[in-house]
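Read the figures in this text as sums done on the coordinates, not as results from a lab. It should be emphasised that the depicted structure is a prediction, and the values quoted were computed from it without experimental measurement. Reconstructed Cβ throughout: ideal geometry from the backbone, glycine too, with neighbour counts over all protein chains shown.
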Amino acid sequence: MRGQFISFEGGEGAGKTTQAERLAAALNNAGIETQLTREPGGTFGAEAIRDLVLSGTKERWSGLTELLLMYAARLDHVEKLIRPAIDRGVWVISDRFADSSMAYQGYARGLGKDQVESVHKAVMGDFGPDLTILFDMDPVMAMKRVETRGEDLSRFDTESMDFHNTLREAFAEIADNNAERIRVINADADRDAVATQILFAMTQKYPDLAGRLGSDGG
Ligand code: TYD
């Protein structure tokens with residue numbers, strides 16, 4: 001049986017990564033082989049592109065170059081990791097996927113919806129996630145989390161508050177336009193409450209999972 005492809009999306013500092021790890025562990029514990037991955041990245045080639053696109057100054061890449069780098073990385077990721085895994089029956093959870101390109105490059109960087117959609121269609125065709133969990137969070141709170149995380153800031157973490165507000169609105173609009181696929185969760189809540197919302201979204205989409213994922217997600 002074909003595996004499922006699930007993406008986690010949202011702005012910076014929303015706690016996606018921790019929750020993606022928890023969900024992958026819960027699925028694996030339930031006997032569903034699950035692979036966790038991320039974008040940009042996930043394969044050797046795509047991780048090399050990640051280094052190029054996330055380091056350096058804000059001005060290093062134009063919006064369109066950034067979009068093309070993201071899609072170059074994405075194609076490698078889909079061809080070498082995501083599609084083969086799904087074909088083997090493995091479930092794949094990706095920390096970000098194409099909705100990030102629409103939100104960041106399309107809206108926040110101002111390339112526009114049409115340009116991102118045409119690149120998407122040319123590179124991905126109809127391929128995409130079966131389910132997307134969107135982490136919605138107040139950007140002021142989110143940036144506080146990013147600052148206290150103590151990691152190196154990426155080119156995107158250092159953008160202005162306007163950029164992050166635009167991103168939040170962009171993701172909300174993308175969710176409205178894809179209501180069948182995207183489930184929005186409130187990421188301001190504490191970790192366990194966020195995990196519960198994710199498990200609820202999962203069992204709505206996959207009723208067979210009800211009772212199998214465990215209430216703590218891990
Ligand atoms: P990362 O450190 O993984 O951020 P986060 O923890 O917030 O997911 O860096 C990924 C960055 O790349 C993030 O700022 C969003 C950005 N990005 C895009 O701009 N376009 C894309 O298509 C993708 C996948 C990510």
Which of the listed residues, 143, 78, 49, is farthest toward the dipole's positive end in the chain, when Lys, Arg count +1 and Asp, Glu count -1 at the beta-carbon? 78
For region 112-127, take each phi angle, set θ = phi - 60°, evaluate the Karplus expression 6.51 cos²θ - 1.76 cosθ + 1.60, and give the result in whole Hz per residue in order, putting x for glycine and proline. x, 5, 5, 5, 5, 4, 6, 5, 4, 4, 5, 8, 9, x, 9, 5
Rounded to 0.05, the calculated FRET efficiency for the beta carbons of residue 138 and residue 48 at R₀ = 35 Å is 0.55
Apply the Karplus parameterisation 6.51 cos²θ - 1.76 cosθ + 1.60, with θ equal to phi minus 60°, to every residue of region 19-30 and state each ³J(HN,Hα) to the nearest whole Hz, in sequence, with x for glycine and proline. 5, 5, 4, 5, 5, 4, 5, 5, 5, 4, 4, 7
How far, in nm, would the chain grow between residue 205 and residue 149 when pulled straight, counting 0.36 nm per residue and subtracting the alpha carbon separation? 16.9 nm
Under a Cβ-only charge scheme (Lys and Arg +1, Asp and Glu -1), can you give me the dipole magnitude of the chain about the Cα centre, in debye to the nearest 20? 420 debye
The chain: calculated mean residue ellipticity at 222 nm from DSSP helix runs of at least 4, using -39500 (n - 2.57): -14500 deg cm²/dmol
Can you pull out the GluC sites (Glu not before Pro) in region 164-214 whose DSSP state is coil and whose Cβ has at most 12 other Cβ atoms within 10 Å? 180
Write down the radius of gyration of the chain and its Dmax, each obtained from C-alpha positions, in Å. 16.6, 49
